[in-house]
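To start, the structure under review is shown below, and the notes come after it.
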Amino acid sequence: MAIKVFNTIAGKKEDFIPIKPDEVRMYVCGVTVYDMCHIGHARAYVAFDVIYRYLKEKGFRVTYVRNFTDVDDKIIKRANELGVKTEEITEKYISEFYTDMESLGVSKADIEPKVTEHINEIIALIQKIIDNGYAYVSGGDVYFSVESFPGYGKLSGRRLDDMKAGARVEVNEQKRHPMDFALWKESKPGEPFWDSPWGKGRPGWHIECSAMSTKYLGTTFDIHGGGKDLIFPHHENEIAQSEGAYKVPFVRYWLHNGFVNINEEKMSKSLGNFFTIREVTSRYYPEALRYFMLGTHYRSPINYSVDAISESEGRVEYYYSTLREMNNAIGSFGGPLKDFPAKEEVDKNLQEFFDSMDDDFNTAKALANLSNLLRLANDIILKRNQYPKDIFRSSLCYIREKIMIMGRIFGIMEKEPLSVLKSITTMKAKRLGIDVDEVSRLIEERSLARKEKNFQKSDEIRDRLLKMGIAIMDTPEGTLWRIER
RNA sequence: GGCGGCAUUGCCAAGUGGUAAGGCAACGGUCUGCAAAACCGUUAUUCACCGGUUCGAGUCCGGUUGCCGCCUCCA
């Protein structure tokens with residue numbers, strides 16, 4: 001079955017047919033590195049990471065480009081405030097970006113270009129646009145002339161007359177039309193600059209993505225992605241620049257992810273209602289944030305809350321503990337695999353998983369199939385005595401294999417269960433102010449009481465632990481515990 | 001003002017015109033010394049409202065109401 005994707009420029013789902021049958025070239029707008037990333041960034045990069053992983057799983061050779069914007073007004077402002085060079089700011093936040101992305105299991109892109117390393121390409125591109133008559137020099141600036149480009153507005157579905165030009169756009173006498181946007185900006189004193197045919201200056205906001213995507217992916221490529229907020233003006237302007245320069249279609253499929261909301265309102269810095277990734281991942285196990293993102297289709301808004309992230313963390317705990325139990329049950333069993341009663345059900349779930357992912361990367365729907373397999377695995381473990389040993393192990397081996405495929409696509413369940421479960425316990429304990437040593441001591445004491453069949457005392461201790469939020473589990477291998485709240 | 005999106009059980013959330021996935025919570029059960037975990041079962045005759053198309057609509061069309069986003073930096 002072919003993959004279908006919702007293409008913003010078409011306004012509908014379309015069959016995904018890459019330019020070359022077995023190759024996909026995709027570009028996703030990266031971060032402007034002047035501050036810590038928030039969970040809105042997390043959503044975008046997790047969403048496209050899953051798309052990247054899925055396309056590779058489907059057998060495409062994927063070239064994924066995700067840039068760093070390291071020249072920008074906000075970077076300069078931040079550097080001036082702190083009295084440091086812009087490089088200090090950008091290097092710091094690139095490093096923080098990697099820390100966050102790694103914690104979320106977001107893979108590196110194949111190519112991660114920086115704007116400062118592509119000034120020559122940018123200048124050449126601007127020159128080409130000028131030569132083609134779509135841009136003009138005005139003082140030390142260069143502007144793109146939106147009126148001269150017939151397709152302007154085709155991505156965002158706006159017409160120039162509809163946009164209340166001038167109302168909320170900076171009045172600038174250098175521009176011929178209020179919607180014209182800067183390709184090159186003359187540098188003010190104290191700002192970083194590069195020499196150009198138009199004098200000392202720096203690139204405008206949109207031009208870098210046109211220059212870098214084309215350099216690494218060609219003048220027409222398959223997928224361009226980013227948050228919905230980039231549709232206008234950023235991506236609209238990229239189309240104008242690239243098509244104005246090369247006169248071929250820029251991108252075949254435009255993919256845009258929805259926002260993260262807080263209390264049903266867009267999370268944003270200006271509203272002050274944002275969470276950084278670090279704030280969340282220092283408090284909750286990072287994979288919980290990734291799992292949380294998977295629960296809603298990438299194009300829909302998603303509402304972040306403490307309840308939601310807690311629930312997600314609970315699910316992460318569930319699937320890693322299931323994995324732990326599966327590993328224990330399978331042991332060193334290496335096959336050969338035998339048929340087992342539920343095999344058909346397993347295959348059906350895997351098939352449905354892929355069908356859902358084929359349908360515009362519907363992770364929320366596909367997640368149901370993963371849940372079904374985890375539940376099935378636990379069920380088989382519970383009824384282990386009903387199966388001959390080799391069939392019992394074969395079935396779990398088979399299910400584990402399918403779970404791993406799903407986990408690889410989702411970017412979850414890829415870690416060692418014991419250490420994950422331990423980390424989750426540690427984080428919960430920290431969150432709730434629970435003293436882990438005291439818990440261990442009480443459990444030890446209770447075990448002793450149980451050995452002596454002093455159930456009154458053991459229950460007393462259990463109730464005491466319960467009040468602390470600790471649930472204990474007596475198993476043949478000893479007493480395990482987890483934090484309930 | 002222009003453009004776009006959304007409204008599904010207590011909560012979160014899928015849903016291709018054919019009779020409502022999955023998760024959380026809750027309740028009952030199996031297991032257990034008692035528990036917990038795990039598993040099983042129960043929990044929307046109904047999908048904001050009003051019309052229409054159709055043998056049949058959460059799903060298509062028209063209208064109403066409410067919420068949200070973009071049009072300014074923004075994932």
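Scanning segment A:296-314 for residues that are buried (at least 18 other Cβ atoms within 10 Å of the Cβ) and among the hydrophobic types (A, V, I, L, M, F, W, C) returns A:302, A:309.
Take the conditions (1) within 11 Å of RNA strand B (Cβ to nearest atom); (2) free of Cβ contacts under 8 Å to residues at least 60 places away in the same chain; residue A:391 misses just one of them, which is (1). The single condition among (1) closer than 23 Å to residue A:3 by Cα; (2) more than 14 Å from RNA strand B (Cβ to nearest atom) that residue A:281 does not satisfy is (1).
Residue A:299 - would you say it is in a loop (DSSP other than H, G, I, E, B), away from RNA strand B (no atom under 12 Å from the Cβ) and farther than 30 Å from residue A:476 by Cα? No, not satisfied. Listed by first and then second residue, the pairs with beta-carbon distance under 6 Å, at least 6 apart or on different chains, first residue in segment A:1-16 and outside any strand (DSSP E or B), second near RNA strand B (Cβ under 10 Å from one of its atoms), are A:8/A:256. Residues that are modelled with pLDDT of 95 or more, within 30 Å of residue A:79 (Cα to Cα) and within 16 Å of RNA strand B (Cβ to nearest atom): does segment A:213-223 have at least one? The answer is yes; a qualifying residue exists. Got at least one residue in segment A:453-476 being modelled with pLDDT under 90, of a type in the set (A, V, I, L, M), in contact with a Gly (Cβ under 7 Å, 6 or more places away or on another chain) and within 11 Å of RNA strand B (Cβ to nearest atom)? No, segment A:453-476 contains no residue that is modelled with pLDDT under 90, of a type in the set (A, V, I, L, M), in contact with a Gly (Cβ under 7 Å, 6 or more places away or on another chain) and within 11 Å of RNA strand B (Cβ to nearest atom). Only one entry in A:253, A:246, A:318 is within 11 Å of RNA strand B (Cβ to nearest atom) and modelled with pLDDT of 95 or more, namely A:318.
Take the residues in segment A:297-355 that are closer than 26 Å to residue A:58 by Cβ and of a type in the set (Asp, Glu); name whichever of them is farthest from the chain's Cα centre (by Cα). Once the filter is applied, the top-ranked residue is A:344.
Matching residues to (1) near RNA strand B (Cβ under 9 Å from one of its atoms); (2) in contact with a strand residue (DSSP E or B) (Cβ under 6 Å, 6 or more places away or on another chain); (3) more than 25 Å from residue A:418 (Cβ to Cβ); (4) modelled with pLDDT of 95 or more:
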{"position": "A:314", "(1), (2), (3), (4)": "yes, no, no, yes"}
{"position": "A:327", "(1), (2), (3), (4)": "no, no, no, yes"}
{"position": "A:341", "(1), (2), (3), (4)": "no, no, yes, no"}
{"position": "A:352", "(1), (2), (3), (4)": "yes, no, yes, yes"}
{"position": "A:362", "(1), (2), (3), (4)": "yes, no, yes, yes"}
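The set of residues in segment A:124-141 that are in contact with a Gly (Cβ under 8 Å, 6 or more places away or on another chain) and not in a helix (DSSP H, G or I) comprises A:132, A:134, A:135, A:140, A:141. Meeting the requirement of 2 or more residues that are over 22 Å from residue A:347 (Cα atoms) and modelled with pLDDT under 95, the helices (runs of 4 or more DSSP H) wholly within segment A:371-452 are A:417-432, A:436-451. Might you let me know whether segment A:371-381 holds any residue that is touching a residue at least 24 places away in the same chain (Cβ under 8 Å) and among the charged types (D, E, K, R)? No - not one qualifying residue is present in segment A:371-381. When segment A:377-433 is filtered for residues that are out of contact with any Ser or Thr (no Cβ under 6 Å at 6 or more places or on another chain), surrounded by fewer than 21 Cβ atoms within 10 Å (Cβ to Cβ) and among the polar types (S, T, N, Q), the ones remaining, listed by number, are A:385, A:386, A:419, A:423, A:425, A:426.
With respect to residue A:207, is the statement that it is within 16 Å of RNA strand B (Cβ to nearest atom) and surrounded by 20 or more Cβ atoms within 10 Å (Cβ to Cβ) true? Spelling it out, residue A:207 is indeed within 16 Å of RNA strand B (Cβ to nearest atom) and surrounded by 20 or more Cβ atoms within 10 Å (Cβ to Cβ).
Pairing each residue of segment A:315-335 that is crowded, with 19+ Cβ neighbours inside 10 Å with any residue that is of a type in the set (Gly, Ala, Ser), provided the two are 6+ apart or on different chains, yields C-beta distances under 7 Å for A:316/A:288; A:322/A:377; A:326/A:377. Scanning segment A:334-349 for residues that are closer than 19 Å to residue A:378 by Cβ and among the hydrophobic types (A, V, I, L, M, F, W, C) returns A:340, A:342, A:346.
The values are calculated or read from the model by the stated rules, or taken from the named source; none is laboratory data. Bear in mind the structure is a predicted one, so any value in this text is a computation, not a measurement. Cβ sites come from the backbone with ideal geometry, for glycine too, and all protein chains shown count toward neighbours.
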